[in-house]
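Enquirer: Please find one structure pasted underneath; my questions will follow.
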Protein chains: 2
Amino acid sequence: MSQKEIPYKIYLEEHEMPQSWYNVRADMKKKPAPLLNPGTLEPMKFEELQPVFCDELVRQELDDETPFIEIPEEIRNFYKMYRPSPLVRAYCLEKKLDTPAKIYYKFEGNNTSGSHKLNSAIAQAYYAKKQGLKGVTTETGAGQWGTALSMACSYFDLDCKVYMVKVSYEQKPFRREVMRTYGASVTPSPSETTEIGRKILQDHPGTTGSLGCAISEAVEVATGTEGYRYVLGSVLNQVLLHQSVIGLEAKAAMDKYGIKPDMIIGCAGGGSNLGGLIAPFMGEKLRGEADYQIIAVEPASCPSFTRGKYAYDFCDTGMVCPLAKMYTLGSGFIPSPNHAGGLRYHGMSSTLSELYDQGLMEARSVEQTEVFKAAEQFARVEGILPAPESSHAIRVAIDEALKCKENGEEKTILFGLTGTGYFDMVAYEKFHNGEMSDYIPTDEDLQVGFDGIPKIPGVQ
Amino acid sequence: MSQKEIPYKIYLEEHEMPQSWYNVRADMKKKPAPLLNPGTLEPMKFEELQPVFCDELVRQELDDETPFIEIPEEIRNFYKMYRPSPLVRAYCLEKKLDTPAKIYYKFEGNNTSGSHKLNSAIAQAYYAKKQGLKGVTTETGAGQWGTALSMACSYFDLDCKVYMVKVSYEQKPFRREVMRTYGASVTPSPSETTEIGRKILQDHPGTTGSLGCAISEAVEVATGTEGYRYVLGSVLNQVLLHQSVIGLEAKAAMDKYGIKPDMIIGCAGGGSNLGGLIAPFMGEKLRGEADYQIIAVEPASCPSFTRGKYAYDFCDTGMVCPLAKMYTLGSGFIPSPNHAGGLRYHGMSSTLSELYDQGLMEARSVEQTEVFKAAEQFARVEGILPAPESSHAIRVAIDEALKCKENGEEKTILFGLTGTGYFDMVAYEKFHNGEMSDYIPTDEDLQVGFDGIPKIPGVQ
C-alpha cells in the first residue's frame with residue numbers, strides 16, 4: 001500500500017484490538033532484577049507482596065516467563081469505551097517542518113483522565129473487585145493517575161482513596177473535582193489520617209507534601225484497612241504489562257498499513273508509557289526479528305536515565321516499599337519545580353532500566369522551555385494541546401524530523417502522545433509570559449541523592 | 001445485522017466522511033424568515049452583509065435553495081485531524097439504567113476546543129483566508145467558540161481577535177491560555193479598544209460585561225479594520241450548514257449498521273449543535289421519507305423555545321446586528337447565572353425556530369441541578385465527563401430511557417454529546433458542595449425582555 005493511502009488517523013476495528021497483554025520480560029534473556037525485601041535483602045515473595053497488592057497483580061508482578069496474559073473480558077469491554085486510541089499520521093506537522101520524515105503518534109489522551117493511565121487503572125480496579133475487596137488507595141501528584149483510578153473504581157463500584165500531594169491539591173482544584181465527580185475521596189497529603197502523615201506534619205509543619213510521602217500514607221491505609229489494597233500507576237512490572245496495550249495497538253495499526261517505524265520515542269518518568277509503547281517492538285528486537293531505534297526522553301531537571309546510577313534503591317522517600325534495581329537519582333533526590341509532574345520521579349521501571357543497561361534503548365534529556373516550544377508548535381498544527389509530559393517526546397520527535405530534513409532521510413518516526421494538557425494551563429501561562437525557567441541539577445545536587453542510595457552488601 | 005454486533009464506537013472510514021454539507025433550508029417548503037435591515041426593515045442583501053462577513057459565508061447565509069454545498073478540500077483535510085467523531089453506543093449507561101432502550105450519542109468533544117464549535121470555526125477561517133483577509137474578530141463567553149476559532153486561525157495563519165466577556169476572562173484563565181497557545185489575542189470586554197466599549201465602561205463603570213457587549217465590540221473592530229471580518233459561532237444559517245457534518249456522520253454511521261433512531265435529542269442555545277445534529281434527519285422528515293421525534297433541550301433559566309415569543313428581534317444587546325425572526329426572550333433578557341454558558345442566549349436560530357413553529361420538533365426545559373445529576377451519572381458509567389451544555393441532552397435522554405423501561409419500549413435514542421466539561425470544574429465543584437441553585441424566571445421576569453422586542457409595522 002502506498003504512503004498516499006494512509007489516513008490521518010488509523011483506528012483498529014473492535015475485533016482487531018488486543019486480546020492479551022504482552023509481557024516483555026518473557027523475551028528478555030537477562031531478566032530485570034527482582035524486588036528485594038529491605039529487611040532480609042532477599043527477593044520479595046508472593047506472600048510478602050500480598051498484603052499490599054491484589055493477588056493477581058502480585059502474580060503478574062513476579063511473572064517473568066509468560067509472554068501473553070489474557071485481558072479479561074470485563075477489562076476489554078471497558079477498553080472499548082475509549083479504545084482503540086488513534087494512531088495519527090502527523091501530516092500537518094510534517095508539512096510545517098518541511099521534513100521528508102514520516103511522523104506518527106499514538107494518542108492516548110481521548111479519555112477523561114486525559115492520559116494513558118486509565119489502561120492500568122481499570123486493570124488494577126478489576127482485579128481488586130474480583131478479589132472481593134472494598135476499595136483501593138493510591139497517591140497522586142499532578143492528578144492524572146488519581147483521575148484514572150477514580151474513573152476505574154467508579155465503574156466497578158469500588159471505594160477509592162486518593163492521597164494527593166498537598167501543593168497539587170491546592171493548586172489543581174479542577175483535577176480534584178474530576179476525581180470527586182467519580183466518587184473518589186481525595187485527601188491532601190501529608191494528612192492527619194495516617195501515622196506517617198501526622199509524624200511528617202509534626203517534623204515539618206507547613207510542608208506542602210511530596211509524592212514519596214503520599215505513597216507512604218496510601219500504603220499505610222491500604223495495609224491497615226480490612227478489604228483494601230494499594231495500587232500504583234507506574235514503575236511496576238504489572239503496570240508496564242497493562243500499558244503494553246498501547247504498543248500492541250500501535251503495532252497492529254502499523255502492520256495493517258505496512259508501516260515499519262525506524263525510531264520509537266516516548267517520554268519517561270516511571271516508565272509506564274514508554275514501557276507500554278515499545279513493548280511489542282522491543283519484543284521483536286529481543287527475539288532478533290527486527291531492529292528499532294528506541295529513545296526515552298526525560299526532563300533535564302530529573303535525569304534518571306542520563307545521569308542516574310543503576311542500583312538498588314527505595315521506590316519511595318518514606319522507604320516503606322521494597323528495594324528495586326533501577327536507574328535512580330536516589331530516593332532523597334528532590335526534583336526542582338518542573339511542570340511535567342508525571343516525570344518527576346527519582347527512579348525508573350526496573351524492566352526499562354535493564355533494557356537500557358543492555359544497550360537496547362537510548363535516552364535523552366531535554367529542557368523545559370524547549371519542551372513547551374515544541375508543545376505549542378505541535379498544538380498549532382496538529383490541533384491537540386499536549387500534556388507537558390508528552391511534549392518531551394514531541395521535542396525529540398521534532399528534533400529528529402529536522403535532522404532527517406538536514407540529511408535528506410525519509411525515516412519513519414513513531415512517538416507516544418500520552419495525554420492532553422487541559423489541566424496544565426498554569427504552566428502554559430508561565431511559558432507565554434516568559435516566566436518559565438530551566439534547571440539542570442549540578443553534579444553536587446545529584447550527589448546528595450546518590451548519597452542516600454543504600455549500600456547493599458554483595459549487590460552494590 | 002443484529003444489534004449484538006454493533007461496536008461500542010462506530011467510526012466512519014475517512015472515505016466515508018461527508019464531502020458536502022447539507023442545507024436543510026433547501027428542503028423546507030416554508031423557508032425561515034430572512035434577516036431584516038433594522039433601518040429599512042427590508043431583507044438584508046448580499047452587499048449589506050458583505051462588510052461584516054466574508055463573501056462566501058454571506059452567500060451561504062442567504063442560500064435557501066442549494067441542498068448540498070461541497071466542503072472544500074482544505075476543510076476536509078482539517079476535519080480529518082479530529083473527525084470522524086465517534087458514534088457511541090452507550091452500552092454501560094443502558095445497563096446502569098436497566099432500560100430496553102438503545103442509546104447512542106454522537107461525541108464531538110475529542111478535540112482541543114472541547115466541542116463541536118471547531119466544525120464551523122475552520123470553515124469560517126478558511127473562507128476568510130481564501131478571501132485574502134488578514135484576520136477575524138469574534139466574541140466568546142464561556143470560551144468554547146473562542147478556543148475553536150483560535151485553533152482554526154492558527155492553522156490558516158490568520159490573526160484572531162477575541163473579545164471575551166470580562167467575567168469569564170477573569171474566572172476562566174485556562175480557556176484564555178488555550179487561546180493564547182494558538183496565538184489569538186484575547187481582550188476582556190468591555191474594553192478601551194472600541195468606541196462602544198469605552199461608552200459602556202463610562203455608563204457602567206465596573207461592569208463585568210456581557211455577550212451582547214462583546215459582540216458589539218467585535219463587530220466594530222471587524223467593520224472598522226482593513227482586511228478583517230466578524231465571525232460568529234452559532235445562530236446563523238451558515239453555522240448550521242457547517243455543523244450538518246455532525247448529523248451527516250451520525251446518519252452515515254447508523255445507516256451502515258442498519259440503525260434507525262426513534263428519537264433525536266440535542267441541547268439548544270443558539271442552535272448550532274442541535275441544527276447540525278438533526279439536519280439530515282429533518283431533511284428526510286421534510287421530504288416525507290421518514291419520521292423522527294426531535295427534542296430540543298434548553299435550560300429552564302433561559303427558555304427561548306418553551307416560553308419565548310416567535311418574533312423579529314435583535315441578535316445582540318447592542319442592537320447593531322440585523323433583525324432575525326426567532327423564538328426569543330428579548331435581547332434585553334438577562335439570563336440568571338447558569339453554568340451552561342453556551343446556552344445563555346436570548347434567541348434561537350431562525351431555521352430551528354421556523355421548524356419548531358411548523359411543529360416538526362418539540363422542546364423541553366430542564367433545571368440545572370437535575371442536569372448535573374445526569375452529567376455525573378453519565379460520567380461514572382460512560383467515562384466521559386460532559387460539558388454542562390451537553391448534559392442538558394443527557395438529562396432528557398436518561399429520562400426518555402427510563403420511560404422506555406416503564407413502558408417496556410425498545411426505542412432507539414440518539415443524542416448529541418457536544419463536548420467535555422474539563423474547563424467547567426467550578427460548576428461541578430458547586431454541584432458537589434451542594435451550592436448549586438435552580439432558577440426559573442417568573443412571567444414578570446420574562447415580560448421585561450419581551451417589552452424590548454421591537455414592534456415592526458406589518459410584521460409584528
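The values are calculated or read from the model by the stated rules, or taken from the named source; none is laboratory data. The structure displayed is predicted, hence computed values, not measured ones. Cβ: placed from backbone, ideal geometry, glycine included. Neighbour counts: every protein chain shown. Heads up: the accessible areas ignore ligands, DNA and RNA and are worked out on the full protein's heavy atoms, side chains in. Shrake-Rupley method; radii C 1.70, N 1.55, O 1.52, S 1.80 Å.
Enquirer: Using only DSSP helix segments of four residues or longer, with each worth -39500 (n - 2.57), what per-residue ellipticity at 222 nm results for chain B after dividing by its residue count and rounding to 500?
Expert: After summing the helix terms and dividing by residue count, I get -12500 deg cm²/dmol.
Enquirer: Another question about this same structure. Can you pull the one-decimal nm distance between simple spin-label points at residue B:223 and residue A:73, each 7 Å off the Cα toward Cβ?
Expert: Rounded to a tenth, the inter-label distance reads 6.5 nm.
Enquirer: Quick one: work out the % antiparallel among DSSP beta bridges in chain B, nearest 5.
Expert: Antiparallel bridges make up about 35 percent of those DSSP assigns within chain B.
Enquirer: Residue by residue through B:383-392, how many Cβ atoms from other chains fall within 10 Å of the Cβ on average?
Expert: 3
Enquirer: If I take every Cα pair under 8 Å that is 6 or more residues apart in region B:251-359, average their sequence separation and divide by the length, what percent do I get for the relative contact order?
Expert: 25
Enquirer: Starting from the Cα gyration tensor of region B:291-339, take the square roots of the eigenvalues, sort them a ≥ b ≥ c, and report rounded, prolate or oblate (rounded when a/c is under 1.5, otherwise prolate if a/b is larger than b/c, else oblate).
Expert: oblate
Enquirer: What are the nm distances, shortest first, from residue B:458 to its equivalents in the other copies, labels at 7 Å along Cα→Cβ?
Expert: Distances to the matching label points in the other copies: 10.3 nm.
Enquirer: With a bin width of 10 angstrom, please list the P(r) values of chain A as percents of all Cα-Cα pairs, from the 0 bin to the one holding the largest distance.
Expert: P(r) for chain A, in whole percents per bin: 4, 22, 34, 27, 10, 2, 0.
Enquirer: Another question, if that's okay. How big is the B/A interface in buried accessible area, both sides summed, 1.4 Å probe, to the nearest 100 Å²?
Expert: Counting both chains, the buried surface is close to 4100 Å².
Enquirer: How much of the accessible area of chain A, probe 1.4 Å, is carbon plus sulfur, in whole percent?
Expert: Carbon and sulfur: 50 percent of the exposed surface of chain A.
Enquirer: Continuing with the same structure: Provide, in order from the shortest bin, the percent of all Cα-Cα pairs of region A:255-335 in each 5 Å bin, continuing until the bin that contains the maximum pair distance.
Expert: Spelled out per bin, shortest first, that is 3, 13, 18, 21, 17, 12, 8, 5, 3, 0.
Enquirer: Report the Cys residues of chain B lacking a disulfide-compatible partner, meaning no second Cys Cβ under 4.7 Å from their Cβ.
Expert: B:54, B:92, B:213, B:267, B:302, B:404
Enquirer: Right, next: Can you list the lysines whose alpha carbon sits under 22 Å from that of residue B:430, skipping same-chain ones fewer than 8 residues off?
Expert: Residue B:430 reaches A:161, A:166, A:172, B:166, B:172, B:373.
Enquirer: Relative contact order for chain B: what is it in percent, counting Cα pairs under 8 Å that are at least 6 residues apart?
Expert: 19
Enquirer: Could you check the spin-label model distance between residue B:195 and residue B:48? Points 7 Å from the Cα along Cα→Cβ, value in nm.
Expert: Rounded to a tenth, the inter-label distance reads 2.0 nm.
Enquirer: Can I ask one more? Rounding to the nearest 10 and keeping the result within 0 to 90°, find how far the Cα-based axis of helix B:368-382 lies from the longest principal axis of chain B.
Expert: It works out to around 50 degrees.
Enquirer: Which residues of region A:139-183 show a drop of at least 50 Å² in accessible area when all protein chains are present, compared with their chain alone (probe radius 1.4 Å, heavy atoms only, ligands and nucleic acids excluded)?
Expert: Those residues are A:174, A:177, A:180, A:181, A:182.
Enquirer: Please give the direction-averaged projected area of the C-alpha convex hull for region B:106-262, in square nanometres with one decimal.
Expert: 10.5
Enquirer: Separate question: If you put a point 7 Å past Cα along the Cβ direction, how far is that point for residue B:369 from the same point in each other copy, in nm, smallest first?
Expert: Counterpart label points of residue B:369 in the remaining copies fall at 5.2 nm.
Enquirer: Rounded to a whole number, what is D in µm²/s for region A:319-413 from Stokes-Einstein with the Kirkwood radius over alpha-carbon pairs (20 °C, 1.002 mPa s)?
Expert: This corresponds to a translational diffusion coefficient of 138 µm²/s.
Enquirer: Given 20 °C and 1.002 mPa s, compute D for the protein assembly as shown with the Stokes-Einstein relation, Rh being the Kirkwood radius over Cα pairs; round to the nearest whole µm²/s.
Expert: 75
Enquirer: Could I ask something else about it? Report the percentage of all Cα-Cα pairs in region A:348-401 whose separation exceeds 19 Å, rounded to a whole percent.
Expert: That fraction is 38 percent.
Enquirer: Could you give the length gained by full extension between residue A:402 and residue A:64, i.e. 0.36 nm per residue of separation minus their alpha carbon distance, to one decimal place?
Expert: That works out to 117.8 nm of additional length.
Enquirer: Before anything else, pin down the relative contact order of region A:1-150: Cα pairs under 8 Å, at least 6 apart, normalised by residue count, whole percent.
Expert: About 24 percent, as a whole number.
Enquirer: Can I ask one more? Per residue and in Å³, how big is the convex hull formed by the alpha-carbon atoms of region A:33-76?
Expert: Each residue corresponds to 87 Å³ of Cα convex hull volume.
Enquirer: One decimal, nm, shortest first: give the distances between the label point of residue B:51 and those of the same position in the other copies, each label point 7 Å from Cα along Cα→Cβ.
Expert: 8.1
Enquirer: Here is a follow-up. Calculate, for residue B:255 and residue A:13, the FRET efficiency according to 1/(1 + (r/R0)^6) with r their C-beta to C-beta distance and R0 25 Å; round to the nearest 0.05.
Expert: For R0 = 25 Å, the calculated efficiency reads 0.90.
Enquirer: Let me ask something additional. How big is the equivalent ellipsoid of region A:1-149 along its three axes, where each semi-axis is √(5λ) from the Cα gyration tensor, reported in whole Å from largest to smallest?
Expert: 35, 20, 17
Enquirer: For a quick size check, give me the Cα extents of region B:40-127 along its three principal axes, largest first, whole Å.
Expert: 57, 32, 23
Enquirer: Would you kindly calculate the mean projected area, averaged across all directions, of the convex hull enclosing the Cα atoms of region B:122-213, in square nanometres?
Expert: 5.7
Enquirer: Over 27 Å between C-alpha atoms is what I'm after, so list which of B:309/B:405; A:30/A:102; A:95/A:256; A:251/B:80 land there.
Expert: Correct reply: B:309/B:405; A:30/A:102.
Enquirer: Need the per-residue list for region B:53-92: every residue with at least 30 Å² less accessible surface in the complex of protein chains than in the chain by itself, probe 1.4 Å, sorted by number.
Expert: With the partner chains in place, region B:53-92 has these residues losing at least 30 Å²: B:80, B:81, B:92.
Enquirer: Could you pull out which residues in region A:130-169 have an amide N less than 18 Å from a spot 7 Å beyond the Cα of residue B:96, following the Cα-Cβ vector?
Expert: A:147-160
Enquirer: Label points 7 Å out from Cα along the Cβ direction at residue B:432 and residue A:207: separation in nm?
Expert: 2.5
Enquirer: Another one. Rg(Cα) of region A:1-83 divided by 2.2 N^0.38 Å?
Expert: Relative to the rule-of-thumb radius for its length, region A:1-83 sits at 1.57.
Enquirer: Something else about it: Before I look further, what does the protein assembly as shown give for accessible area per residue, probe 1.4 Å, in whole square angstrom?
Expert: 34
Enquirer: To continue, here is another question. Check cross-link reach from residue B:29 to the aspartates and glutamates: straight Cα distance under 18 Å, and skip same-chain residues fewer than eight apart.
Expert: B:61, B:63, B:64, B:65, B:284, B:289, B:291, B:354, B:357
Enquirer: Measure nothing but the geometry: give the 0 to 90° angle between the long axis through the Cα atoms of B:388-407 and the longest principal axis through the Cα atoms of chain B, rounded to 10°.
Expert: Helix B:388-407 and the main axis of chain B meet at about 30 degrees.
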